[in-house]
1. List every residue pair whose Cβ atoms sit under 9 Å apart, with the two residues 6 or more apart in sequence or on different chains, where the first one lies in the stretch 301-327 and is touching a residue at least 12 places away in the same chain (Cβ under 8 Å) and the second, anywhere, is open to solvent by 100 Å² or more (accessible area, probe 1.4 Å) and not in a helix (DSSP H, G or I).
2. I need the full set of residues from the stretch 127-174 which are loosely packed, with under 13 Cβ neighbours inside 10 Å and either in a strand (DSSP E or B) or of a type in the set (A, V, I, L, M, F, W, C) (or both), in order please.
3. Would you please name the residue that is nearest to the chain's Cα centre (by Cα), looking only at residues in the stretch 279-305 that are of a type in the set (S, T, N, Q) and in a loop (DSSP other than H, G, I, E, B)?
4. Give me the pairs, please: first residue somewhere in the stretch 75-104 and farther than 15 Å from VAL161 by Cβ, second residue anywhere and open to solvent by 60 Å² or more (accessible area, probe 1.4 Å) and of a type in the set (Val, Ile, Thr), beta-carbon distance under 9 Å, and either six or more positions apart or on two chains.
5. In the stretch 225-245, what residues are closer than 13 Å to ALA34 by Cα and either open to solvent by less than 80 Å² (accessible area, probe 1.4 Å) or touching a helix residue (DSSP H, G or I) at 6+ places or on another chain (Cβ under 9 Å) (or both)?
6. Counting only residues that are open to solvent by less than 50 Å² (accessible area, probe 1.4 Å) and under 18 Å from LEU140 (Cβ atoms), which one in the stretch 66-96 is nearest to the chain's Cα centre (by Cα)?
7. Any residue in the stretch 263-288 that's within 22 Å of THR39 (Cα to Cα): show its pairings with residues that are of a type in the set (Phe, Trp, Tyr) and open to solvent by 30 Å² or more (accessible area, probe 1.4 Å) at Cβ separation under 8 Å, as long as the two are six or more apart or on different chains.
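The values are calculated or read from the model by the stated rules, or taken from the named source; none is laboratory data. Since this is a predicted model, take the numbers as computed values, not measurements. Note: ideal-geometry Cβ built from the backbone for every residue, glycine included; neighbour counts use all protein chains shown. Accessible surface is based on the protein model in full, side chains and every heavy atom, while ligands, DNA and RNA are left aside. Shrake-Rupley method; radii C 1.70, N 1.55, O 1.52, S 1.80 Å.
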Amino acid sequence: MMKKKMMLVAAVTLLAGLLSACGKDTAYLSGIKASDYVTLGEYKGIEVIQPEPEVTDEYVDSYIEYLRTQRTEMVEVTDRKTVQEGDTVNIDYAGYRDGVAFDGGTAQGADLTIGSGRFIEGFEEGLIGVNVGDTVSLNLSFPADYEPNPDLAGVAVVFEVTVNSISVAETPELTDELVKEFGIEECSTVEELRTYVHDAFYAEAVGLYEDAVASDITQAVMANSIFSEPPEKMVERYKNMLLESMTAQAASYGVNLDTFMLNYYGMDTDSYMAVFQEDATTMAQQYILFQAIADVEGISPTKEEAAKAMEEQAAEFGYASVEEFKEEVGEEVFYEYLVSEKAMEFLKSNAVIKAE
């Protein structure tokens, strides 16, 4: 009787354990014990070599020059009539083959920059020295390998061209007045613009530097650790996230995922699904790694920390309420983010980071 009672208790205990395990969602960190899936190796004192973030004066100058050139305007030339290299001319033209106008060879009021190479050889060169209002006959031949219209390949033609006007590109000088036209609220002078551009690019450089350091540390710690297969549901969740992200990117180009992946990455469906599976597995292992380190070091976010962080993030990104933020982001996903942030902060503070 005693033996049967002990067996019953053991069976009930086992069943309770099984039910408890089934109730946990292994798609998330909260549903697993990280140490069941990774044996941590050395994760302190990781050596990383990365160049210090830097923004040179030349880089700042080049971007400001880009802003300046965006204000370039075409201005009609009135102090000379002769076409020069680099001018933009407005022309009427008609092309003839054996005295008959051919399709695609006629236009009115077309703009052409001399030296752009848009037209067949000899066309643009033949307009240099021609005066506004004059008409010139250009005896030319299409290239032997003229792909746009093989019927004209190697054919001798005559273009009758009239120059209507000449314009040149004028870029304004960099002045305080021009800076105000850029519409950057913080900038009303050239010096303020230089500071603004430098600071903006430096912030970006720091972000890239931090990302590179984090990536190097993560790769090193993963290489030092031993992983077992992560939970299937977790891998599937990350794979679905990758699929959704790439599908949205494809849609922004107006194509489906298969077309996008084939054209931009040269991968068919089987190929990119295999890559997504591999990337999803790596993502799962990384988050499990961060959780395992957080467990050992006692730095896992508390409920209070998570709630406060969620409030701050909701406010920063303009959500109407924390509930709306929770609904869109998800508490489990946000927890994973916090774990990774805290674990990486710990790893960086215990790493040896050297400048290249």
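1. Between residues of the stretch 301-327 that are touching a residue at least 12 places away in the same chain (Cβ under 8 Å) and residues that are open to solvent by 100 Å² or more (accessible area, probe 1.4 Å) and not in a helix (DSSP H, G or I), the close pairs are PHE325/PHE317.
2. Passing the criteria: ASN131, THR135, SER137, ASN139, ALA144, ALA156, GLU170.
3. Per the criteria, the residue is SER300.
4. GLN84/ILE128; GLU85/ILE128
5. If the condition is that a residue be closer than 13 Å to ALA34 by Cα and either open to solvent by less than 80 Å² (accessible area, probe 1.4 Å) or touching a helix residue (DSSP H, G or I) at 6+ places or on another chain (Cβ under 9 Å) (or both), then SER225, PHE227, SER228, GLU229, PRO230, PRO231, MET234 are the ones that fit.
6. VAL89
7. GLN285/TYR37; GLN285/PHE227; ILE288/TYR37; ILE288/PHE227
Here is a yes/no grid of residues against (1) closer than 23 Å to ALA94 by Cβ; (2) among the polar types (S, T, N, Q); (3) under 34 Å from the mean Cα position of the chain (by Cα):
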site	(1), (2), (3)
ASN149	yes, yes, no
ALA153	yes, no, no
VAL157	yes, no, no
ILE184	no, no, yes
CYS187	no, no, yes
ARG194	no, no, yes
TYR202	no, no, yes
ALA205	no, no, yes
